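Notes to accompany the following structure.
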Amino acid sequence: MICDWYLPRIGGIEFQLRDLALQLMSEGHEVQIITSTPGESNTEGVLVHRLNTPRIPGLGLVWTPSAFKKIQSILTREQFDVVHCHTSVVTPLSYGGAYVSQKMGFPTVLTCHSILRNFTKVLGALDKPFKWSKWPVLFSAVSGVAAKDVKSLVNEHTVHILPNGIEHSEWKLPESCRSKKEVSIVTVLRLNQKKRAKALLRMIPEVLKALSPDTRVRFKIIGDGPQRSDLEKMVDRMSLRNVVELMGYQSKETIKKVFSDSDIFVLPTILESFSIAAYEARCAGLPIIAMQRSGVSEYIQCGREGILAGNDTEMANSIVQLIENHDLRSAIAKHNRETLPPVHWDDVIKKHMEIYNLALEKRGVTVPVKPSLLVA
């Protein structure tokens, strides 16, 4: 697998690639990662090729031809059966890796992990010199919402859905026995512009204004990122210290404990292709409030697993509704605890293997010489 981002950098795509690699390895496949993220060559039992090439300061993105020459060298040496490139909006290593691998004749899968929106114009312009929409690769995306943008660029290709994987049993948490005098609302997201944590903070005064004076609420924001300092200042400026807790980065075990002690999960992100955090919260039994234009809408039905909002005003109103309507909140929580969601690692790995086989067939290979996959 080839990807610009990998552990120890923290984020959804990094953890998802780690889990995908481990799941494939548990099925007997050989998996290696190629990335420009600095770190150890062995991460949690996964072999990682760390490209020591110049990166743009502050962004960590490769920009010199030497990175792609090194990818070519690794592919030549290792002779993988399948190369799986994981792209986001700006991921030059992943796109460049797909260019190199398909040009060398390797069966190649390209998976988009983001909603591209305006960046489709950039990719469309890059199609003229690189002809990437004509490459003999398998195009895919982690959700139907993300796939629409990819499809608009590669009309001649089928765009497959390769969803992120979740281990349901890890997130099946006991119902909390804590006091219900305070309603606890949690979110897990990277603190950057795209995830819209600032928008969530701006909703909170409106939520508080709409509630009865004796209703106590607590918002817990888990995550870190470049907007952390700005958010701290906003909380102080808006006098929300008694209501909002910025918890920073937290371990999986801590997030489970917070989920177990919470009543509602809210995600204000619009350009969200999937949201592993929201999916984990749904598995944990929390009602989900999310944007209806995001990929979350593909596994949350309004009124059953949560509420989908069309804009920030509707999201604030939905938060108020679930805070005040205990019966609705309890019914959704009961449904989420007792009903398995549609995405599970068993199904996700099966889908990946189907796509890998299609990539092999596209290159005229019917049986792998060895059970190895390159995951990046």
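Odds and ends about this structure:
- None of Val83, Val90 is surrounded by fewer than 23 Cβ atoms within 10 Å (Cβ to Cβ), β-branched (Val, Ile, Thr) and touching a residue at least 24 places away in the same chain (Cβ under 8 Å) except Val90.
- The residues in segment 42-94 that are under 23 Å from the mean Cα position of the chain (by Cα), outside any strand (DSSP E or B) and under 22 Å from Gly28 (Cβ atoms) can be counted, and the count is 3.
- Segment 225-253, subset aliphatic (A, V, I, L, M) and assigned to a loop (DSSP other than H, G, I, E, B), residue surrounded by the fewest Cβ atoms within 10 Å (Cβ to Cβ): Met238
- Scanning segment 183-219 for residues that are of a type in the set (Ser, Thr, Tyr) and in contact with a Lys or Arg (Cβ under 8 Å, 6 or more places away or on another chain) gives Ser184, Thr187.
One line per residue, one yes/no per condition, for (1) of a type outside the set (Ser, Thr, Tyr); (2) assigned to a loop (DSSP other than H, G, I, E, B); (3) surrounded by fewer than 23 Cβ atoms within 10 Å (Cβ to Cβ); (4) in contact (Cβ under 8 Å) with a residue 40 or more places away in the chain:
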{"site": "Pro8", "(1), (2), (3), (4)": "yes, yes, yes, no"}
{"site": "Gln16", "(1), (2), (3), (4)": "yes, no, yes, yes"}
{"site": "Ala21", "(1), (2), (3), (4)": "yes, no, no, yes"}
{"site": "Met25", "(1), (2), (3), (4)": "yes, no, yes, no"}
{"site": "Ile33", "(1), (2), (3), (4)": "yes, no, no, yes"}
{"site": "Glu40", "(1), (2), (3), (4)": "yes, yes, yes, no"}
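- Pair list, Cβ < 6 Å and 6+ apart or interchain, from segment 210-232 residues that are assigned by TED's automatic domain parsing to the domain that holds Ala199 and touching a residue at least 24 places away in the same chain (Cβ under 8 Å) to residues that are among the aromatic types (Phe, Trp, Tyr) and outside any helix (DSSP H, G or I): Asp224/Tyr249
- Flag for Ala197 being buried (at least 17 other Cβ atoms within 10 Å of the Cβ) and assigned by TED's automatic domain parsing to the domain that holds Ile300: yes
- Helices (runs of 4 or more DSSP H) contained entirely in segment 276-376, each with at least 2 residues that are farther than 22 Å from Gln32 by Cα and either free of Cβ contacts under 8 Å to residues at least 40 places away in the same chain or not assigned by TED's automatic domain parsing to the domain that holds Ser212 (or both): 312-324, 326-338
- Residue in segment 143-153 that is touching a Phe, Trp or Tyr at 6+ places or on another chain (Cβ under 7 Å), in the same structural domain as Ser36 (by TED's automatic domain parsing) and assigned to a loop (DSSP other than H, G, I, E, B) present: yes
- Conditions (1) in contact (Cβ under 8 Å) with a residue 40 or more places away in the chain; (2) out of contact with any Lys or Arg (no Cβ under 8 Å at 6 or more places or on another chain); number of the one not met by Asp263: (2)
- Scope segment 155-171; condition exposed (fewer than 14 other Cβ atoms within 10 Å of the Cβ) and farther than 17 Å from Ser275 by Cα; matching residues: Asn155, Glu156, Thr158, Ser169
- Taking the listed residues Glu175, Glu156, the one that is in a loop (DSSP other than H, G, I, E, B) and either at positive phi or outside the structural domain of His86 (by TED's automatic domain parsing) (or both) is Glu175, with no other qualifying.
- Filtered residue count, segment 98-133, keeping only those that are basic (Lys, Arg), within 26 Å of Leu17 (Cα to Cα) and at pLDDT below 95: 1
- Checked against (1) assigned to a helix (DSSP H, G or I); (2) farther than 14 Å from Ile34 by Cβ; (3) of a type in the set (Gly, Ala, Ser), Ser101 passes all but condition (2).
- Among the residues listed as Thr158, Thr111, the single one being in contact with a strand residue (DSSP E or B) (Cβ under 6 Å, 6 or more places away or on another chain) and not small (Gly, Ala, Ser): Thr111
- Complete set of residues in segment 15-63 that are out of contact with any strand residue (DSSP E or B) (no Cβ under 9 Å at 6 or more places or on another chain) and among the hydroxyl-bearing types (Ser, Thr, Tyr): Ser26
To keep it simple, each residue is scored yes or no on (1) crowded, with 22+ Cβ neighbours inside 10 Å; (2) without any contact (Cβ under 8 Å) to a residue 24 or more places away in the chain.
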residue: Lys103; (1), (2): no, yes
residue: Leu110; (1), (2): yes, no
residue: Asn118; (1), (2): no, yes
residue: Lys121; (1), (2): no, yes
residue: Trp132; (1), (2): no, no
residue: Ser140; (1), (2): yes, no
residue: Val145; (1), (2): no, no
residue: Lys148; (1), (2): no, yes
residue: Leu153; (1), (2): no, no
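The values are calculated or read from the model by the stated rules, or taken from the named source; none is laboratory data. Just so we're clear, the structure is a prediction, and the values are computed from it rather than from any experiment. Virtual Cβ from ideal backbone geometry, glycine too; neighbours counted across all protein chains shown.
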